[in-house]
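Single-structure report; data block below.
Laboratory data are not the source of any read-out in this text; all were calculated from the coordinates shown. Just so it is clear, the model here is predicted, and its values are computed rather than measured. For neighbour counting, all protein chains shown are included, and Cβ atoms are generated from backbone atoms with ideal geometry for every residue, glycine included.
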Amino acid sequence: MSFLGNFVYKCEVWSSSANIRSLKLLFFFLPFFQRYRGLSITIKRFTLLKSPLGNKSSKDQFEKREHRVYFYLESSKPSNILACVHILTFLNEVKCKVKVSNKLSN
């Protein structure tokens, strides 16, 4: 009895980037995933003093926005999952967290 054809591999990817264009480029490179979900935008705001001495009322305010996306890919071929992970290694501005799992299909 062979169990090689009965496995379904699932690759879940959580990606985040400060640049929304990089995430859109990710979707261009990965046309074979089925669903994706845009997650919330994390906004970090911070204030810096312009002058380290004396003038406390002059301040600069900055903010950093981080866009996040979740998608997954299911395939019976592990080569498709490896191709997905291989493409993710070439993206410069995108941080990715990948979880690969398998299960028996009925």
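When the chain is treated as a GNM with alpha-carbon contacts under 10 Å, the residue of 51, 76, 40 showing the greatest mean-square fluctuation is 51.
For the pair residue 97 and residue 37, the difference between a 0.36 nm per residue extended length and the Cα-Cα distance amounts to 20.1 nm.
For the chain, relative contact order (Cα pairs under 8 Å, six or more residues apart, normalised by length) works out to 49 percent.
Start at zero, step by 5 Å, and the Cα-Cα distances of the chain spread as 2, 10, 18, 16, 12, 9, 8, 7, 5, 4, 3, 2, 1, 1, 0, 0 percent across the bins.
Charge dipole of the range 9-106 (Cα centre as origin; +1 on each Lys and Arg Cβ, -1 on each Asp and Glu Cβ, all else neutral): 280 debye, rounded to the nearest 20.
Based on the Cβ-Cβ distance from residue 44 to residue 89, what FRET efficiency comes out when R0 is 30 Å, to the nearest 0.05? Display every interim value, and only then the final one.
On the way: r = 26 Å, r/R0 = 0.88.
Efficiency, rounded to the nearest 0.05: 0.70.
Residues considered: 79, 58, 22. Largest GNM mean-square fluctuation over the chain, using C-alpha springs under 10 Å, is found at 58.
Take the Cα of residue 58, step 7 Å toward its Cβ, do the same at residue 18, and the gap between the two points is 2.5 nm.
For 86, 67, the sequence from fewest to most other C-beta atoms within 10 Å is 86, 67.
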